[in-house]
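Worksheet: the structure to be examined is printed underneath.
A short reminder: the numbers here are calculations on the coordinates, not readings from a lab. Keep in mind that this is a model prediction, so the values were computed, not measured. Glycine also receives a Cβ, built like all others from the backbone with ideal geometry; neighbour counts cover every protein chain displayed.
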Amino acid sequence: MLPFPGVSVEVQTPVWKGECPPIDWLTLANRHALVTRLLSAMVHDVNNTLQVVSGAAEVLAMDPTPEAVTKRTDAIVGHARQATAVLHALSAFARDADPAAGGARPRAIAEQAVALRLYALRKARIAVTVSGDECPCAAAHGRVLQVLLNLLVNAEQALAGRAGATLVVRVRTEAAHVSIAVEDNGPGLPEGRSASFDAWPPRPGAAGHLGVGLLVSQALAGRDGGDLSHLPTPGGGATFVLRLPR
């Protein structure tokens, strides 16, 4: 059935016949895929928060003493603020189509990326830590966040079903750069295979199921004058390092 009588609608899907699509198109598609992943986890996060708030309110109704009111009210406010912050971060990321460069805080962005993926990380039983000092850099918040989300999702896939899975995000300040290393203790890259920064057509199974996470991430790093590289990890696993100018 047509949406309006007498009006035909033709939708054309872009086809590149084996050639790599424009990087801006891939970047947008990658962001949308990440948002879809984040939404599925966020539904659980917000639902859990609402259950905690509801439980605290019920207990408060049964014990309306001043001490209980203060304790439960603080808990309700804390959980509500946490849910609001996560929703705000997702909303900002989804609409940040052309972020302005400058003033990005890598440590805070790393913590935000982990917070957005926290439900999935906990569900997969992946222990994650973020370390390092805060040092602003000349990059765009939204671009750095997209790169880190891609790296986290790739690490989650590599660690799926692995006992004792760990994921470490380290922020280091160098003379002219800030580096963010994302390291996991997964199986690492298959022997003889390098990181697919420029592979086309993409292999399935990378961030967002599109297979373009690393390709897009390297392009995003370059837009801020930085770079993304893969380093050999002693004892197995994978380490990706994002370097950004200060």
*Sorting Val43, Val168, Val153 on the 10 Å Cβ count, fewest up front, what's the list?*
Val43, Val168, Val153
*Work from the charge dipole of segment 22-246 (Cβ charges, +1 for Lys and Arg, -1 for Asp and Glu, about the Cα centre) and give the residue of Gly161, Gly225, Leu87 farthest towards its positive end.*
Gly161
*With a ≥ b ≥ c the root eigenvalues of the C-alpha gyration tensor of segment 22-246, is it rounded (a/c under 1.5), prolate (a/b larger than b/c) or oblate?*
prolate
*List the GluC sites (Glu not before Pro) within segment 82-182 that fall in a DSSP loop (any state other than H, G, I, E or B) and whose Cβ has at most 15 other Cβ atoms within 10 Å.*
Glu134, Glu174
_Test of understanding: ordering Thr129, Thr239 by Cβ neighbours within 10 Å, fewest first, what list do you get?_
Thr129, Thr239
